[in-house]
1. Can you find, within segment 126-145, the residue that is nearest to the chain's Cα centre (by Cα) among those that are surrounded by fewer than 17 Cβ atoms within 10 Å (Cβ to Cβ) and touching a residue at least 12 places away in the same chain (Cβ under 8 Å)?
2. Can you name every one of the helices (runs of 4 or more DSSP H) wholly within segment 40-106 that holds 2 or more residues which are closer than 19 Å to residue 223 by Cβ and modelled with pLDDT of 95 or more?
3. Could you check, for segment 61-71, whether at least one of its residues is more than 17 Å from residue 112 (Cβ to Cβ) and touching a helix residue (DSSP H, G or I) at 6+ places or on another chain (Cβ under 8 Å)?
4. Return the residues of segment 81-121 that are touching a strand residue (DSSP E or B) at 6+ places or on another chain (Cβ under 7 Å) and without any contact (Cβ under 8 Å) to a residue 24 or more places away in the chain; say none if nothing qualifies.
5. Within segment 218-246, work out how many residues are at pLDDT 95 or above, in a loop (DSSP other than H, G, I, E, B) and either out of contact with any helix residue (DSSP H, G or I) (no Cβ under 9 Å at 6 or more places or on another chain) or surrounded by fewer than 19 Cβ atoms within 10 Å (Cβ to Cβ) (or both).
6. Which ones in segment 1-30 are touching a helix residue (DSSP H, G or I) at 6+ places or on another chain (Cβ under 7 Å), more than 14 Å from residue 133 (Cβ to Cβ) and assigned to a loop (DSSP other than H, G, I, E, B)?
7. Take the conditions buried (at least 22 other Cβ atoms within 10 Å of the Cβ), free of Cβ contacts under 8 Å to residues at least 60 places away in the same chain and assigned to a strand (DSSP E or B) and apply them to residue 34. Does it pass?
8. For residue 181, state whether it is surrounded by 14 or more Cβ atoms within 10 Å (Cβ to Cβ) and out of contact with any helix residue (DSSP H, G or I) (no Cβ under 7 Å at 6 or more places or on another chain).
């Protein structure tokens, strides 16, 4: 059953990881999907693999965001589903943090996500669904995570306020907060095979369900929040971390 047939869905950072997996789930439910990313070749390759529309846009750039909205409006009119997923990792201990790292992470994860929502609001359909990708780290307190965790905590606040501001139009705004999800990002950390196995074992050891999540798990949750089954759900954060934050 195609629960999202004739819906227009935009997934930022959709060329890999959680965004890519969510695009698969959205398309499987009948949605017309547009993915974005900042690397042209990666976006084009992913769009071809997925059979969706790919648009190049850097979430750290307000100019790119505004051009993205203009392009989507011209080609598709209104948007029914907006998954604000693009983000970057980065951080340091508070004493060692640099302005460059701070500006980079805040610029993409918070400022970029904030203005993505801001500029898309005029072309959201009545009754649209907006989902932010947050993180369980928003409510955790690990050393060296202050910058990244702060961006996700800030997004959760924006999500709740946006839910209030947009309720009159029937637009629902929620957040999904994954814990450890097995994506290619782990393989890009420059670790040896043994180090990677050790890292995964350490992570799993902190998860009561004794496993890492799958990107498709998050994609299915985004789909659920975008269907009529979640028509009375807004302003909510959904933790998906196997109990890690407990």
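1. 139
2. Ranges flagged: 40-50.
3. no
4. none
5. Qualifying residue count for the region: 6.
6. 4, 15, 29
7. Yes, satisfied.
8. The answer is no for residue 181.
The values are calculated or read from the model by the stated rules, or taken from the named source; none is laboratory data. Predicted, not measured: the structure shown is a model, and the values here were computed from it. Every residue, glycine among them, receives a Cβ derived from its backbone with ideal geometry; neighbour counts consider all protein chains shown.
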